[in-house]
Amino acid sequence: MSDENTTPARPRFRVTIDFGGVLTRPRWDAVGDEMPGALDFLRWLDANDFGRVLWTFREGVALDAALDWLAERGYPRDWWDAVNENTADVRAKYRADPRKLWTDVFLDDRAAGFPLRIDRNGEVIPYWARIKKEILARRALGGKVFDDPVAAAPLARLRPGLSPGQLAARRDAARIEATVPASSVGANEPATLEEAIAEAALGPKSVTVDGQTVEAHDPKQLIEADRYLAAKKAAKTGGGLRVTTLAHSGAN
């Protein structure tokens, strides 16, 4: 227990992670199989100095089993900033443990918008590359999703369907997207359109697991997108097709 007059320092940018469905296949009676890419993701969090909170429905014996599974793979309880509770700085600030977790990012397979994809084996797995990009973007914004709404007001008049805050967020996301190196989002992910086209062609069109259906990208749409981007790049660099008329030296 920390001294009442001493507030623990705010931990690193916090990423809160569900256990079953994110780190392992969802099972309650036992620990499910490791989710492909999950341990690589934990290593990535460690290497990039992120705070880590484990947030799971499990408790008692079931929670102990999950913690043992993680410890056997190099992530013991003290590797986590908190397990099924708020971090020490939040508990000290409120002199309680609020029911809602104070975090910067939640990762939960049941959350709307949680990035999923179908791998070449036809299995639904977290889309780790997109998850990492989202985390990096949010950390670059200091945990803020929206920028100054006043600055974005002129844009809102051009796009009436979006609020100034949403427009500002899109602008910042585009700016950050360009600054996030591909090497920072990990391996074994379709990082290019060519890889995505190959994966979509090899895998099934859709997969339903536990009542949730995930559809793969349509290869035809990906190919069209690839052609469009190639043409756009060629136009910007002056690499488009040029037609030159050649005249014989003796021509008038």
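The values are calculated or read from the model by the stated rules, or taken from the named source; none is laboratory data. Everything numeric in this text was worked out from a predicted model, so none of it was measured. Note that each Cβ is placed from the backbone with ideal geometry, even for glycine, and that neighbours are counted across all protein chains shown.
Miscellaneous remarks
- The listed residue being in a loop (DSSP other than H, G, I, E, B) and in contact with a helix residue (DSSP H, G or I) (Cβ under 7 Å, 6 or more places away or on another chain), out of Trp44, Trp102: Trp102
- Residues in the range 58-98 that are over 23 Å from the mean Cα position of the chain (by Cα), outside any helix (DSSP H, G or I) and either touching a residue at least 40 places away in the same chain (Cβ under 8 Å) or loosely packed, with under 15 Cβ neighbours inside 10 Å (or both): Glu59, Pro76, Arg95, Ala96, Asp97, Pro98.
- Looking only at residues of the range 103-114 that are of a type outside the set (D, E, K, R) and surrounded by 16 or more Cβ atoms within 10 Å (Cβ to Cβ), we find that the one that is farthest from Met35 (Cα to Cα) is Thr103.
- Asp29 at pLDDT 90 or above, exposed (fewer than 15 other Cβ atoms within 10 Å of the Cβ) and at negative phi: no
- Flag if Thr16 is assigned to a strand (DSSP E or B) and in contact with a Phe, Trp or Tyr (Cβ under 8 Å, 6 or more places away or on another chain): yes
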